Amino acid sequence: MLMGIAEITTPPDELESLADGLTGFGSTIRIRALALLEFEHSPNMLTDAMGDIPLGSVSYHVRMLRDYGLVELSRTEPKRGALEHFYHRTELADTLMSALAKTLGVPRRGPGRAGTPKRLKELQAWAYRKPPAEPEPEAEVASG
């Protein structure tokens, strides 16, 4: 059994939303995004924070998190003729992340660190993956 999951007590009428929420954890991209979404982020900000995932993929996974009930739109902001959407975690996502944080290796919230710049940096360091290096071009072999 996963550590901490036994702490979640859910009435039978809410089991479907819990099951949907757990399904949302089925991708490492979504798990990394959920950790960062302890703070409000746009998909563009998440892309920068994660380092190795293209914006289109991050946007897709944020929509999935929304569909699973794990994030919700907090605001929109005009940006270059379009709207940038900002999201934050739902109560369900906070509960699941708290229960699974140790298993996932997400940095724990220390006393008084919730919502601080230090906390955000810890989460960014945990979620960041260096983009893959471009392969070296193969040297042409002279035939001889």
Just for the range 113-132: of the residues that are modelled with pLDDT of 70 or more and more than 17 Å from the chain's Cα centre (by Cα), which one is surrounded by the most Cβ atoms within 10 Å (Cβ to Cβ)?
Thr116
Test: Gly26 is over 16 Å from Trp126 (Cα atoms), in contact with a helix residue (DSSP H, G or I) (Cβ under 6 Å, 6 or more places away or on another chain) and small (Gly, Ala, Ser)
no
The listed residue being within 12 Å of the chain's Cα centre (by Cα) and modelled with pLDDT under 95, out of Ile5, Ile53
Ile53
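Of the residues in the range 69-103, how many are basic (Lys, Arg), touching a residue at least 40 places away in the same chain (Cβ under 8 Å) and over 17 Å from Leu36 (Cβ atoms)? I'd like the intermediate steps shown before the answer.
First, the residues of the range 69-103 that are basic (Lys, Arg): 75, 79-80, 89, 102.
So of that shortlist, the ones also touching a residue at least 40 places away in the same chain (Cβ under 8 Å) come out as 89, 102.
Then keep just the ones that are over 17 Å from Leu36 (Cβ atoms); that gives 102.
Qualifying residue count for the region: 1.
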Can you tell me which condition Arg66 does not meet? The list is (1) surrounded by 14 or more Cβ atoms within 10 Å (Cβ to Cβ); (2) of a type in the set (Lys, Arg); (3) within 14 Å of Leu36 (Cβ to Cβ), and all the others hold.
(3)
Apart from one, (1) modelled with pLDDT of 95 or more; (2) over 18 Å from Arg129 (Cα atoms) all hold for Met45; the odd one out is (2)
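Could you grab me the full set of residues in the range 15-37 that are under 22 Å from Lys130 (Cβ atoms) and not in a helix (DSSP H, G or I)? Please lay out each step first, then the result.
Just the residues of the range 15-37 that are under 22 Å from Lys130 (Cβ atoms), to begin with: 27-37.
Passing the criteria: Ser27, Leu37.
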Filtering the range 88-126 down to residues that are in contact with a strand residue (DSSP E or B) (Cβ under 8 Å, 6 or more places away or on another chain) and in a loop (DSSP other than H, G, I, E, B) yields Thr90
Looking at (1) at negative phi; (2) touching a residue at least 12 places away in the same chain (Cβ under 8 Å), which one does Gly115 not meet, given that it meets all the others?
(1)
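The values are calculated or read from the model by the stated rules, or taken from the named source; none is laboratory data. Given the structure is predicted, the values throughout are model-derived calculations rather than measurements. Counting neighbours? That spans all protein chains shown, and the Cβs are built from the backbone with ideal geometry, glycine included.
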